[in-house]
Amino acid sequence: MRARYGVPLGIAAAGAAGLVYAAGFETRFFRLRRVTVPVLPSGMRPLRILQVSDIHMVSGQRKKQRWLRSLAGLRPDFVINTGDNLSDPEGVPEVLDALGPLMEFPGAYVFGSNDYYGPTLRNPARYLLEKAQGRHGLNGNAPAVGVVHNPWEELRDGFDTAGWLNLTNTRGTLKIDGVPVELTGVDDPHIKRDRYARVAGGPSESADFSIGVVHAPYLRSLDAFTADGYPLILAGHTHGGQICIPFYGALVTNCDLDTDRVKGLSTHTVDDRTAHLHVSAGCGASRYTPVRFACPPEASLLTLVERE
């Protein structure tokens, strides 16, 4: 019996233990990624940006809410929210409460698909199949039907009331100690809501520094921002791969970005122009796949310094 059943039972036990760890522990092992980015023009003082992304709030996630509130203790210069705040139509009040202390700071936001639509139950293996077929989101797939519509307008109103800039296919400017920082954003490319033509043309001459902001780091958006001369692009969406293989990394990015850049700081080059790209691994997961493995939930504190 041991020879016949020992190995399969051992594999099953290891798989069950991994699932318990991924769902019961790692999803609550919140951490802060600290990154230094050499992108500022000469003579400009360092800027500290707190990036939060992919909260995927489900009503009752108290530990996540407490951790988000605690991030205000970092005292950033400003906050960038790169979308997918919701995974529950009832989660808007808890998102606004958790982000309340952060909304005391200047900030800006873009939305992701899960802010507009509720998640659906799907086979995780489909992400691998879609990657192999070059299909992601609505980019090549049939439009979603029968989906739950989230009350994203309430979320927008809460952010706007706090003074955060809505970067939905538009530009805005934050003044940090009197220094104008231009932010240019597009709506979520994952569901084809991006309209880069509305913001094309590159950074304004009046801005001391400019940043491109998008939820899902699809190559068409990264190409457009980079070609237009933005030195830094911030994105989320990928969850860092969410379920990664130790010593190997992510299997998927849920977009057409390569897995080598699934999270953290990298670069993106178009012709003779290069931008720094920071992709947040986010701090949540869909309510239907509430697991993370070898990819703990995170927020990011980016310290921007003079470029070399």
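The values are calculated or read from the model by the stated rules, or taken from the named source; none is laboratory data. These numbers come from a predicted model, not from an experiment. Note that each Cβ is placed from the backbone with ideal geometry, even for glycine, and that neighbours are counted across all protein chains shown. Side chains are part of the model used for accessible areas, which takes the heavy atoms of the whole protein and leaves out ligands, DNA and RNA. Shrake-Rupley method; radii C 1.70, N 1.55, O 1.52, S 1.80 Å.
Quick rundown of the values:
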| item | result |
| --- | --- |
| Set of lysines near Lys64 by C-alpha distance (under 27 Å), chain-local residues within fewer than 8 positions excluded | Lys263 |
| For region 187-250, convex hull of alpha carbons as volume per residue, Å³ | 101 |
| Spherically averaged projected area of region 204-308 from its Cα convex hull (nm²) | 7.8 |
| Excluding exposed DSSP-loop trypsin sites (Lys or Arg not before Pro) (at most 16 other C-beta within 10 Å), longest clean stretch of the chain | 1-121 |
| For region 138-217, convex hull of alpha carbons as volume per residue, Å³ | 104 |
| Helix runs (DSSP H) in the chain reaching 30 Å along axis by Cα, Kyte-Doolittle at least -1.0 | 2-24 |
| Sparse-neighbourhood loop sites, GluC sites (Glu not before Pro) in region 90-132 - DSSP loop, at most 14 other Cβ within 10 angstrom | Glu90 |
| P(r) tail fraction, the chain - alpha-carbon pairs more than 24 Å apart, % | 51 |
| Unit charges on C-beta of K, R, D, E only; dipole of region 252-308, Debye | 380 |
| Straight-distance crosslink candidates among lysines, where the alpha carbon sits under 20 Å from Lys192 and sequence neighbours closer than 8 are dropped | Lys131 |
| Estimated dipole of the chain in Debye, rounded to 20 [Cβ of Lys and Arg +1, of Asp and Glu -1, Cα centre] | 1260 |
| Sulfur and carbon atoms: percent of accessible area, region 57-184 [1.4 Å] | 53 |
| Counted charge near Gly202, where neighbours are those whose Cβ lies closer than 13 Å (Asp, Glu -1; Lys, Arg +1) | -1 |
| Cα convex hull of region 26-162, projected area averaged across orientations, nm² | 10.8 |
| Positive-pole candidate from Val110, Leu74, Val92, dipole of region 48-119, charges at beta carbon | Leu74 |
| Length-normalised contact order for region 32-306 - Cα pairs under 8 Å, 6+ apart - percent | 26 |
| Region 231-274: projected area of the alpha-carbon convex hull, averaged over directions, in nm² | 3.6 |
